[in-house]
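Trainee: Before anything else, here's the structure in question.
The values are calculated or read from the model by the stated rules, or taken from the named source; none is laboratory data. No experiment lies behind these values; they were computed from the predicted model shown. Every residue, glycine as well, gets a Cβ built from its backbone with ideal geometry; the counts of neighbours run over all protein chains shown.
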Amino acid sequence: MSRRRRIYEGKAKVLYEGPEPGTLIQHFKDDATAVDAGSKEVVDGKGVLNNRISEFLFSRLNEIGVPTHFIKRLNMREQLIREAEIIPVETIVRNVAAGSLSARLGIEEGTPLPRSIIEFCFKSDDLGDPLVSEEHITAFGWANPQEIDEMTALALRINDFLSGLFLGIGIKLVDFKVEFGRIYENDMVRIVLADEISPDSCRLWDISTDEKLDRDRFRKDMSGLIEAYQDVARRLGILFENERPESSGPVLVKS
Ligand code: TMP
C-alpha cells in the first residue's frame, strides 16, 4: 500500500499531500487539547464529528460567497481542500464575554458585548497564541493592511451568518476562531477561509440554559464532550438519532 506524504501534523489535524497539485487532504484526529496544549486526551469519535460539522459550515459559507479552501468531504475523517499558504494569525470574533477576554478585562463570562469584537493572535503553540495588534502583524510581515481588512470583513460576515444559523437551532455563538490562507492564481492572491470551524474552535452555548456545547467542556474538565458535539451535529441536521460516529478504536488515552 502506498503511504501518503504527510505535510503537517497539528494538535487535532494532519495534512497529507492531495491527489492533484494544489490540493491537500485534511484528516481530523480525535485528540483533544486545552488551548495551551497543557493537557491532552483522545476523545473517541471527535474527529468524525468535527469533519462533518466543519464540512457543513464551510459548505454553507461557500454558498453565500465566502471563499474557502474546502472542496469536498472524502470520508468519515477526511476532506479534500485547496492548498493555501496559512497566514500565521488567528482571527477571533467575540459576541459575548468569555474565556481569555473575561480573564484579561475582568468582564463576567456571559456578558453581551456592546458590539462584535475582533482580536488577532499570533499562531504559536510555544508562546500560547499571544494576542497581537495590527501593528505587530504588519511590522513583522505576517499580513499586509489590505489582507487585515479582508480578514476582518470576512470574519464579520462569517459571524453574522453563523450567529443566525446557530440561533435558529437554539445555540448562542459566543465566540470563535478562524484562520485564513493565501491562494496564488496567476498574478492574483486570494484570501480564503482555511482550517476548520467546529465545536473545537467555537464557544457554543444552549440559548436557554447556557450549557456549554464546545471544547470548554474539555478545558474545564467537564464530562459529556462527545455528547455535546453530537448534540450540535444533530441540531444542524447532520447526525441522526441512533447514529454513532465511526469509532477509531480504544477510548481515552491520558498523557
Ligand atoms: P479564548 O477566549 O481562549 O481567547 O478563545 C476565544 C475563541 O477562540 C474560543 O472560541 C476558542 C477559540 N480558540 C481556538 O479555537 N484556538 C486557539 O488557539 C485560541 C487561542 C482560541
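Trainee: Considering each residue of the range 127-146, count those that are without any contact (Cβ under 8 Å) to a residue 24 or more places away in the chain and either of a type in the set (Asp, Glu) or surrounded by fewer than 14 Cβ atoms within 10 Å (Cβ to Cβ) (or both), and give that number.
Mentor: 11
Trainee: For a quick check of your reading of the model, give me the residue pairs whose first member lies in the range 220-238 and is among the polar types (S, T, N, Q), whose second is surrounded by 12 or more Cβ atoms within 10 Å (Cβ to Cβ), with beta-carbon atoms closer than 7 Å and at least 6 apart or on different chains.
Mentor: Note: pairs meeting the criteria are GLN230/LEU49; GLN230/LEU239.
Trainee: Same structure, new question: Taking ILE118, is it crowded, with 19+ Cβ neighbours inside 10 Å, modelled with pLDDT of 95 or more, touching a strand residue (DSSP E or B) at 6+ places or on another chain (Cβ under 7 Å) and within 25 Å of SER163 (Cα to Cα)? Give the derivation first.
Mentor: Numbers: crowded, with 19+ Cβ neighbours inside 10 Å: no; modelled with pLDDT of 95 or more: yes; touching a strand residue (DSSP E or B) at 6+ places or on another chain (Cβ under 7 Å): yes; within 25 Å of SER163 (Cα to Cα): yes.
No; evaluated as a whole, the condition is false for this residue.
Trainee: Of the residues ASP195, ASP149, ASP187, ASP221, only one is buried (at least 22 other Cβ atoms within 10 Å of the Cβ) and either over 19 Å from the mean Cα position of the chain (by Cα) or within 12 Å of the ligand (Cβ to nearest atom) (or both); which? Steps first, please.
Mentor: Details: ASP149 fails: buried (at least 22 other Cβ atoms within 10 Å of the Cβ); ASP187 fails: buried (at least 22 other Cβ atoms within 10 Å of the Cβ); ASP221 fails: buried (at least 22 other Cβ atoms within 10 Å of the Cβ).
Of ASP195, ASP149, ASP187, ASP221, the one residue that is buried (at least 22 other Cβ atoms within 10 Å of the Cβ) and either over 19 Å from the mean Cα position of the chain (by Cα) or within 12 Å of the ligand (Cβ to nearest atom) (or both) is ASP195.
Trainee: Take the range 34-78 and flag every residue that is out of contact with any Lys or Arg (no Cβ under 9 Å at 6 or more places or on another chain), more than 23 Å from ASP160 (Cβ to Cβ) and not charged (D, E, K, R).
Mentor: Correct list: GLY38, VAL43, LEU49, LEU74, ASN75.
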